[in-house]
1. Modelled with pLDDT of 90 or more, among the aliphatic types (A, V, I, L, M), touching a helix residue (DSSP H, G or I) at 6+ places or on another chain (Cβ under 9 Å) and surrounded by 17 or more Cβ atoms within 10 Å (Cβ to Cβ): is that true of ILE16 in this structure?
2. Is there any pair linking a residue in segment 11-39 that is more than 17 Å from VAL58 (Cβ to Cβ) to one that is assigned to a helix (DSSP H, G or I) and at pLDDT below 95, with Cβ under 6 Å and at least six apart or on different chains, and which?
3. Hey, can you tell me all the residues within segment 33-64 that are over 11 Å from the mean Cα position of the chain (by Cα) and of a type in the set (D, E, K, R)?
4. In segment 34-74, how many are assigned to a loop (DSSP other than H, G, I, E, B), within 15 Å of LYS7 (Cβ to Cβ) and not small (Gly, Ala, Ser)?
5. Identify the single condition in (1) part of a strand (DSSP E or B); (2) crowded, with 16+ Cβ neighbours inside 10 Å that GLN91 does not satisfy, given that it satisfies every other one.
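The values are calculated or read from the model by the stated rules, or taken from the named source; none is laboratory data. This structure is a prediction, so every number in the text was calculated from the model and none was measured. Note: ideal-geometry Cβ built from the backbone for every residue, glycine included; neighbour counts use all protein chains shown.
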Amino acid sequence: MSKEIIKISENAANRIKKIMAQAQKTTIGVRVGVKSGGCAGMSYVMEYASEVKPNEEVIEDKGVKVLIDPKAIIYLLGTEMDYKKENFSSQFVFNNPNETERCGCGESFKI
């Protein structure tokens, strides 16, 4: 089932590998969640994960481990996690088919 929740692009996997190489040794992957806030209502949250919490989905793909907060699963179904590098910025991008609205700055979304 976890394959359908979120897909990890090659760029995102490569960036996670670089981040993990610099992380503390107790880190096992990155955790993705959502929180209330931002102009459109919700924001994506990423953090280092040192353990799998109860009911988290664990996605292992392209050599990386992404843990999905159980409260975020419903909002992330079908999402592709990507990493984009532009002239003046670089960031993880979530291409979420469930979004109905996104704020102008791209920091928050609505389902």
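1. No: the conditions fail for ILE16.
2. Hits for this filter: VAL34/TYR75.
3. LYS35, GLU51, LYS53, GLU56, GLU57, GLU60, ASP61, LYS62 - these are the residues of segment 33-64 that are over 11 Å from the mean Cα position of the chain (by Cα) and of a type in the set (D, E, K, R).
4. Within segment 34-74, residues that are assigned to a loop (DSSP other than H, G, I, E, B), within 15 Å of LYS7 (Cβ to Cβ) and not small (Gly, Ala, Ser) number 1.
5. So GLN91 meets the others, but not (2).
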